[in-house]
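Single-structure report; data block below.
The values are calculated or read from the model by the stated rules, or taken from the named source; none is laboratory data. Keep in mind it's a predicted model, so treat the numbers as computed, not measured. Heads up, the Cβs are rebuilt from the backbone with ideal geometry, glycines too, and the neighbour counts pull from every protein chain shown. We work out accessible area using only protein heavy atoms, side chains counted, and drop any ligands, DNA or RNA first. Shrake-Rupley method; radii C 1.70, N 1.55, O 1.52, S 1.80 Å.
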Amino acid sequence: MQNRTMRLIVLFDLPVETKKQRKDYTDFRKFLIENGFLMMQYSVYVRITRNWDDLNKFIKRVENNLPPEGEVRCLPVTDKQFASMKLLKGKKKEIDNSADDLIEL
């Protein structure tokens with residue numbers, strides 16, 4: 001067993017059209033949170049693991065708690081790979097507060 005800190009990224013796309021599907025989505029999300037995963041963005045969660053064995057243990061847990069519909073992907077990455085991730089953001093939309101846009105009531 002190699003002592004190399006890893007990250008497990010779980011990405012999922014689950015249907016939420018029916019009441020049952022929404023419950024399955026909520027249950028899966030709660031499972032991830034209860035198992036130490038943190039939300040990176042909607043439907044993308046990440047967890048730090050101590051090594052490959054620990055990472056594989058959590059992949060098995062995810063497999064054992066899959067919702068009946070949808071897709072779930074597990075992506076293992078090293079801390080170095082995770083740290084090299086680039087966060088790209090779009091520009092904020094400027095709000096025009098000119099007098100021409102005001103409406104008098």
Among residues belonging to region 73-95 that are at pLDDT 90 or above and over 16 Å from MET40 (Cα atoms), point out the one that is surrounded by the most Cβ atoms within 10 Å (Cβ to Cβ).
THR78
Which of the residues belonging to region 58-85 are in contact (Cβ under 8 Å) with a residue 40 or more places away in the chain and in contact with a helix residue (DSSP H, G or I) (Cβ under 6 Å, 6 or more places away or on another chain)?
PRO67, CYS74, PRO76
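Specify the residue that is nearest to ASP53 (Cα to Cα); the eligible residues are those in region 1-10 that are part of a strand (DSSP E or B) and out of contact with any Cys (no Cβ under 8 Å at 6 or more places or on another chain).
MET6
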Which of the residues that make up region 14-57 are open to solvent by less than 70 Å² (accessible area, probe 1.4 Å), assigned to a loop (DSSP other than H, G, I, E, B), within 26 Å of MET85 (Cβ to Cβ) and in contact (Cβ under 8 Å) with a residue 24 or more places away in the chain?
LEU14, ASN35, PHE37, SER43, ASN51
